[in-house]
């Protein structure tokens, strides 16, 4: 297998779990009988919005940073990220005592910029194009020798993300299915590998906005499909897969549901109101698919990954 | 001891814990290193905002309802409440399969009215005076034979509220202190009895808005001090103590901190932003006191009761 398609196995996810344990929260699994009533299934929410830096991304970043040999780590790490992975990498670098650079688009949400800054990373702003962010990353690497830690196209990152499902399935062993939101596919790939490593009969599903349905199309065509510019409110999911994450999804994922923007806002508000949890729009996408019936899970016991909680509290999307 | 001063002991709180366990969540204890940094203490938040009906009130109401003999319970229960206890009593009655009536002031927050309605209780609106609500309760009792379950002046309710501290101290046994917000004093009384039942050296503190500082004044004078009409944003704390709850506080509570309205909003926003938890203003009052330095807990390991999460999400208090 070429290096660019390397994926972790269950053993690698278990090793990641031990490696990251001192640095991340073991997040709770919460339930809501009133939301169960609305969707006709029994849902177990793994609350990664309560994770360090407010997102599951802490898991992958910590695993990647703590997997580096000491001499390599000492030169620092760099990434481009619309936010949560950037903050997570900054956090991981701070815990290891190494420098971090984060390349961010100038139009990134304020709350996500603040999260990166609070963790003490050096931020480099660039215009919001792939070419500009890659150039900025290359520049940092050239100056410092820092290692690029990609937000999802990285086996150690995927292994770290898979640890959330490992914990969820330890807490609730008799699930029928798990759903993760899908942007670049790192969380869904890690979840799928962990879930099928533990039980081949577990159903693994993804969820994405209809306005960013590249993963569903990629799963159908068998190749990484492009994503036209999208303004979906689920800003964490405005990303295409990589060949690596697509390979994991093709091996493990039964289906990817899609949902409307309205359903995302409705699901997000339900989670605030009934579960008393602050979640960002991306977190609400699996529930939005369940509300719109695009994932065939009626009557099932379903684990749902709530991916993060970094949202601008000055204006929530249902407020006019 | 007169019946009107009867209080539960640790054994009663343990019995309550067993009685209510099938009907309430065991809520998680969460921490935030960034909030710890802001207050200079190590805080362990007991998340009763994640409790059934969104507030610790579910504990006391379930304990009271399930403590009633079958023939008495069959005639139903009634209470007056600005909201959380009303919803909690409705929930408890539904779980036991008995009728519930909730008397509410016409100006109660929308979200709290909706919570009571969702649990299936019969709501009777009255004008917002003590006389009107007592008359409405008496009317229901006369018609139905329902038992009045007071929001806090009730030994079984206090025992139920104390179970949150029992769980907190089981999860984090080596705390130096616990803080609960104080309205009528049911939560603080139950917390204090549970805490001192487990360890005499545990420090127990209360917190209330400076605009509703009747508990601090009552502790100083030794009698239940009145509370002039207040518009504190912490609507759950606009209540005086009863002789019963005051007796518990005098026996156990070291101090009651007070805080400004601004600090309540700031603390509430911090909990949303850093902990990703939806809390109502009353929940934020202990942290507000810590931010303003009115509770002497620097460097301590402190359990903080987050009392509830029922807040109007259409407009949060920091939004203009």
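Throughout, read-outs are computed from the coordinates displayed, never taken from laboratory work. Here the structure is a predicted model, which is why all the values come from computation and not from measurement. In this analysis, Cβ positions are derived from the backbone assuming ideal geometry, glycine residues included, and neighbour counts consider all displayed protein chains.
Calculate the translational D of the range A:58-148 in whole µm² s⁻¹ from Stokes-Einstein, where the hydrodynamic radius comes from the Kirkwood formula applied to all Cα pairs, the temperature is 20 °C and the viscosity 1.002 mPa s.
Taking Rh from Cα pairs, D becomes 169 µm²/s.
Given R₀ = 60 Å, what would the calculated FRET efficiency be for residue B:148 paired with residue A:94, taking r from the Cβ atoms and rounding to 0.05?
0.60
When A:203, B:298 are ordered from fewest to most other Cβ atoms inside 10 Å of their Cβ, what list results?
B:298, A:203
Any chance you could check the Cα centroid distance between the range A:259-282 and the range B:121-161 for me, in angstrom?
35 Å
Tell me the angle of helix A:243-252 to the major Cα principal axis of chain A, expressed in degrees between 0 and 90 and rounded to the nearest ten.
30 degrees
Over all distinct Cα pairs, what is the inverse of the mean 1/r for the protein assembly as shown, reported as the Kirkwood hydrodynamic radius in Å?
25.5 Å
From a point 7 Å beyond the Cα of residue A:314 in the direction of its Cβ, which residues of the range A:225-257 have a backbone N at a distance under 20 Å?
Taking a point 7 Å out along Cα→Cβ of residue A:314, the residues of the range A:225-257 whose backbone N falls under 20 Å are A:233-236.
Treat each spin label as a single point 7 Å out from the Cα along the C-beta direction, and report the residue B:301 to residue B:26 distance in nm.
Placing both labels 7 Å beyond Cα along the Cβ direction yields 2.0 nm.
Going 7 Å from Cα along the Cα-Cβ axis for the label, what nanometre distances separate residue B:296 from the same residue across the other copies?
Listed shortest first, these distances are 6.8 nm.
How do A:221, A:283 rank when sorted from fewest to most other Cβ atoms within 10 Å of their own Cβ?
A:221, A:283
Evaluate the distance, in nm, between pseudo-label points positioned 7 Å from the Cα of residue B:199 and of residue B:170 along their respective Cα→Cβ axes.
1.7 nm
Normalised radius of gyration for chain A, please: alpha carbon Rg relative to 2.2 N^0.38 Å, two decimal places.
0.91
Need the C-alpha centroid separation for the range B:32-60 versus the range A:176-251, integer Å.
Taking the Cα centre of the range A:176-251 as reference, the centre of the range B:32-60 is 34 Å away.
Got the residue B:33 label distances to the other copies yet, label 7 Å along Cα→Cβ, in nm, shortest first?
Shortest to longest, the spacings are 3.8 nm.
For peptide B:308-317, how many partner chain Cβ atoms fall within 10 Å of a residue's Cβ, on average?
If you average over the peptide's residues, the count of other-chain Cβ atoms is 3.
With r defined as the distance between the Cβ atoms of residue A:130 and residue A:220 and R0 fixed at 22 Å, what FRET efficiency is calculated, to the nearest 0.05?
0.40
Can you sort A:101, A:318 by how many other beta carbons sit within 10 Å, fewest first?
Result, fewest neighbours first: A:318, A:101.
Specify the angular offset, from 0 to 90 degrees and rounded to the nearest 10, of the alpha carbon long axis of helix B:84-96 from the longest principal axis of the alpha carbons in chain B.
The angle comes out near 50 degrees.
Report the label-to-label distance for residue A:33 and residue A:117 in nanometres (one decimal), using points 7 Å from each Cα along the Cα→Cβ vector.
It works out to 4.6 nm between the two label points.
Name the residue, out of A:267, A:138, A:207, whose mean-square fluctuation peaks in a Gaussian network model built on chain A with Cα pairs under 10 Å.
A:138
Which Cβ of chain B lies nearest the axis of the rotation superposing B onto A, and at what whole-Å distance?
B:28, 2
Would you mind giving the mean number of other chain beta-carbons within 10 Å of the Cβ of each residue in B:275-285, as a whole number?
Mean inter-chain Cβ contacts per residue within 10 Å come to 4.
With angles folded into 0 to 90 degrees, how steeply does helix A:186-198 sit against the dominant principal axis of chain A? Use alpha carbons for both and round to 10.
Once rounded, the angle reads 60 degrees.
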